[in-house]
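Since the structure comes first, as structure tokens, the remarks are kept for the end.
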């Protein structure tokens, strides 16, 4: 609708989408940073960012009272993630690590996170010029919810026998212009991570849309396991390599 009228969620001029200017990020003085070890791979990426920016990094089991606490939840909100780990939510800011830190960084503060901690997190994440988005506290950020639902719908279509995995992927890639079809998307982001996101969203909201699809059924599990090398009995396996 935006392309036809020039207005909508996005503005178009002569058929070209007009992107708003990125809001300026106020630069904060470096403060101690503590990173949750819930997801070691994500923690390592954040630690590299902190070290590159030259901010002091705390390596203790629990943060000091002055530290900015960075969390990496999957399908959780910042408040729940902080409480689960016994942390003071006033110090906590969550970072969406599903897609890494290369293109855009999304942070999410709890309702009681101190403003200076939010500003410090935004300044740190923007230290190398990468754009930062600030989100309100909610389960699963934005990207996690969208990606997990796309993958889940694709898996459900496969489970119903509507089409083969390769056909589902190709249809979405060609028809919608996605870089990955839904099942390839599950492989790309990791089956266990998608499963964690969906289970946490389902537990928090009770919304059946987040109930994980049972695909693949047991008769395919060993085949899928041999094709992807993933544990089919503990997490979904999405494959576009045929059955």
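Rule-based calculations on the coordinates, nothing more; no lab input. Note that the coordinates shown come from a computational prediction; the quantities given were computed from them, not determined experimentally. Note: ideal-geometry Cβ built from the backbone for every residue, glycine included; neighbour counts use all protein chains shown.
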Quiz prompt | Sorted by Cβ density within 10 Å, fewest first, the residues 194, 35 | solution = 35, 194
Quiz item: With each label point set 7 Å from Cα along the Cα-Cβ vector, what nm distance links residue 199 and residue 17?
Solution: 3.4 nm
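Subtracting the Cα-Cα distance from 0.36 nm times the residue separation, let me have the gained length for residue 53 to residue 85 in nm, one decimal.
Here the segment from residue 53 to residue 85 would lengthen by 8.9 nm.
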Quiz item: Using r as the Cβ-Cβ distance of residue 176 and residue 41, and R0 as 35 Å, what FRET efficiency do you calculate, to the nearest 0.05?
Solution: 0.75
Quiz item: How large are Rg and Dmax for segment 33-135 when only the alpha carbon atoms are used, in Å?
Solution: 12.0, 32
Self-check item: Separation between Cα centres of segment 50-101 and segment 166-216, rounded to whole Å
Solution: 26 Å
Self-check item: FRET efficiency estimate (nearest 0.05) - Cβ-Cβ, residue 167 to residue 134, R0 41 angstrom
Solution: 0.55
Quiz item: Using a Förster distance of 22 Å, how high is the FRET efficiency between residue 116 and residue 60, based on the Cβ-Cβ distance and rounded to 0.05?
Solution: 0.55
